[in-house]
């Protein structure tokens, strides 16, 4: 399909460049707030799995203090605001421009998770990871891992412009309603331990 081969990337580049330009003042203010509240570094960097499992460095604004405590203790008041509004995700527009991510696709997860996927779940790696995805439109972090990965694999099997537009609209609605900022009983999202395994209530999770 033409959209999946060429149109999607063209839309990504045009939209990411425009959004970066429009959000630059907001990003500057948010970065300054992070610097004053938490010090350096302002950006959180973590290696994630891209299309085909190829690793890349994901960018986010920091929302947690450094240290070995659990996520709930490290997550700051400013960090909660940045996460709730998804402002912390805006630096990933640079990942989109670089071709490491797309506007729409499965959220990029840590490289070590790849070994834990079932054959069906691994299909999520057939497409570029995205800023927003089918699972996020269904409820962000409130969506449990099994359903989240199933939705990701479902998306990878059928990519279309109409579907991408519906997902972006769904993500916007979820964001405006303040839904799914964290999984139930967790400060963020529990770590994925593999199919059929229920994680304890307080482990660190990918940010």
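The values are calculated or read from the model by the stated rules, or taken from the named source; none is laboratory data. In this text, all values refer to a predicted model and were calculated from it rather than measured experimentally. Don't worry about glycine lacking a Cβ; one is built from the backbone with ideal geometry, like all the others, and counts go over all protein chains shown.
Below are the figures for this structure:
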read-out	value
Exclusive hit being on the phi < 0 side of the Ramachandran plot, modelled with pLDDT of 90 or more, part of a helix (DSSP H, G or I) and under 12 Å from the mean Cα position of the chain (by Cα), set 124, 83, 107, 150	83
Some residue of segment 154-169 being part of a loop (DSSP other than H, G, I, E, B), buried (at least 23 other Cβ atoms within 10 Å of the Cβ) and in contact (Cβ under 8 Å) with a residue 12 or more places away in the chain	no
Subset of segment 86-104 that is modelled with pLDDT of 95 or more and in a loop (DSSP other than H, G, I, E, B) - its residue that is farthest from residue 148 (Cα to Cα)	98
Test: residue 5 is loosely packed, with under 11 Cβ neighbours inside 10 Å, farther than 26 Å from residue 158 by Cα and modelled with pLDDT under 95	no
Selection from segment 53-69 of residues that are modelled with pLDDT of 90 or more, out of contact with any helix residue (DSSP H, G or I) (no Cβ under 6 Å at 6 or more places or on another chain) and part of a loop (DSSP other than H, G, I, E, B)	54
Residue under evaluation residue 63, criteria (1) farther than 19 Å from residue 19 by Cβ; (2) without any contact (Cβ under 8 Å) to a residue 40 or more places away in the chain, criterion not met	(2)
Filtered residue count, segment 32-51, keeping only those that are part of a helix (DSSP H, G or I) and surrounded by fewer than 17 Cβ atoms within 10 Å (Cβ to Cβ)	5
Check on residue 59, buried (at least 16 other Cβ atoms within 10 Å of the Cβ), within 28 Å of residue 125 (Cβ to Cβ) and out of contact with any strand residue (DSSP E or B) (no Cβ under 7 Å at 6 or more places or on another chain)	no
Search result, residues across segment 113-123 that are closer than 21 Å to residue 183 by Cα and touching a strand residue (DSSP E or B) at 6+ places or on another chain (Cβ under 9 Å)	113
Given (1) surrounded by fewer than 14 Cβ atoms within 10 Å (Cβ to Cβ); (2) over 23 Å from residue 105 (Cα atoms); (3) at pLDDT 95 or above, index of the condition residue 14 fails	(2)
Failed condition for residue 135, given (1) in contact with a helix residue (DSSP H, G or I) (Cβ under 6 Å, 6 or more places away or on another chain); (2) modelled with pLDDT under 95; (3) under 18 Å from residue 7 (Cβ atoms)	(3)
Selection count where residues are surrounded by fewer than 21 Cβ atoms within 10 Å (Cβ to Cβ) and either touching a residue at least 40 places away in the same chain (Cβ under 8 Å) or more than 20 Å from residue 165 (Cα to Cα) (or both), scope segment 118-142	8
